[in-house]
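One structure is given here, and the rest of the page talks about it.
Each value in this text was obtained by applying a stated rule to the coordinates, not by laboratory testing. All of these numbers come straight from a predicted model, not from anything done at the bench. Cβ placement follows ideal geometry from the backbone for every residue including glycine, while neighbour counts extend to all protein chains displayed.
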Amino acid sequence: MSTKVGYFPVPGRASEHSLEPERLRAAVERAARDLGREPDVVFLHNPEHSLSAGPEAVRRERLAAACRVLEDAASSGQCGSWGISSWDPRPLGALVVGLPRPDVLMVRSGLLVRNEVLEAAELLAAGLRPSQLWGMSPFGGGAADSVWERFDPRVFLLEAERGTAMQAAFRAACRLPAVDAVAVGTDNPVHLRELVGSLALGVDEEVVVSYRRLLREVAGRSEARR
Ligand SMILES: NC(=O)c1ccc[n+]([C@@H]2O[C@H](COP(=O)([O-])OP(=O)(O)OC[C@H]3O[C@@H](n4cnc5c(N)ncnc54)[C@H](OP(=O)(O)O)[C@@H]3O)[C@@H](O)[C@H]2O)c1
């Protein structure tokens with residue numbers, strides 16, 4: 001069971017991201033109380049939102065201080081382990097020097113993730129060397145997106161006829177980037193069962209390699225047009 005801290009409701013206005021150590025400490029305590037048990041993993045939620053301004057050394061120290069709060073929480077048994085979850089890891093790559101090593105890094109994964117974000121996630125994982133890399137939001141937040149009507153992701157399966165389109169998109173998300181696990185919502189047990197059932201389906205690695213090459217080519221063309 002995993003949860004995240006660092007995104008705080010504010011009465012009367014939109015929720016806000018914060019890396020303030022005291023707020024993070026209180027949020028970890030509250031998470032265990034709300035869940036009725038210590039979470040297995042507590043993630044720092046999209047720290048890039050709080051790191052867009054200021055000198056690099058200051059941003060690095062703020063991120064390190066926030067990570068130390070979660071590292072301490074894991075050491076003292078308030079959670080099983082800790083991690084960083086990032087929707088857009090591009091601003092984080094330059095800040096990893098001196099950071100505590102997280103147990104888990106969670107990044108967006110799947111067919112709707114752009115080349116720059118995939119590459120930034122892989123670079124961040126190489127710099128942080130987490131024990132595990134997880135993917136999230138494998139359908140880009142919504143399975144109802146019309147892209148799934150226009151494109152059949154079963155091309156990514158070794159045996160296309162054995163899986164549904166959602167299973168194939170989920171399996172592709174396990175390889176884009178290559179992750180140890182993919183976090184999905186648990187609201188609907190039927191959906192969850194379908195996705196868990198897909199884990200036995202093999203992914204065609206040649207298709208993954210070709211797809212990554214196409215993504216890079218498209219990114220290169222857009223860069224050249226700028
Ligand atoms: N850091 C961030 O900013 C961020 C943002 C988004 C998500 N996340 C993380 O990623 C996790 C998953 O995110 P998520 O809830 O957006 O993704 P998700 O579980 O992939 O669900 C996305 C949508 O796809 C639907 N769906 C899932 N399986 C399906 C299936 N087999 N057939 C048809 N529809 C299906 C879901 O419906 P149901 O809900 O009805 O199953 C939901 O509407 C979250 O728990 C969170 O940890 C993080």
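Some observations on this one:
- Of all DSSP beta bridges in the chain, antiparallel share, percent nearest 5: 20 percent
- On the principal axes of its alpha-carbon atoms, the chain has extents of 51, 46, 37 Å, going from largest to smallest.
- Filtered trypsin sites (Lys or Arg not before Pro), the range 106-198: DSSP coil and at most 14 other beta carbons within 10 Å: Arg114
- Value at 222 nm in deg cm²/dmol, rounded to 500, when DSSP H runs of n ≥ 4 in the chain each add -39,500 (n - 2.57): -13000 deg cm²/dmol
- If you take all other residues with their beta carbon under 14 Å from the beta carbon of Leu24, and give Lys and Arg +1 and Asp and Glu -1, the sum is 0.
- The range 150-226 shape via C-alpha gyration tensor axes, a/c threshold 1.5: prolate
- A simple count of charges around Gly110, restricted to other residues whose Cβ falls under 14 Å of its Cβ and scoring Lys, Arg +1 and Asp, Glu -1, yields +4.
- Residues within the reach of a label modelled at Val147 (point 7 angstrom out along Cα to beta-carbon, backbone nitrogen below 13 Å), restricted to the range 95-138, are 108-118, 137-138.
- Charge tally around Met1: other residues with Cβ under 11 Å, Lys/Arg +1 each, Asp/Glu -1 each, net -1.
- Of the DSSP H helices in the chain, those with a Cα length along their own long axis of 18 Å or more and a mean Kyte-Doolittle hydropathy reaching 0.0 comprise 115-128.
- Pairwise label distance in nanometres, Arg101 with Arg226, each label 7 Å out on the Cα-Cβ vector: 3.3 nm
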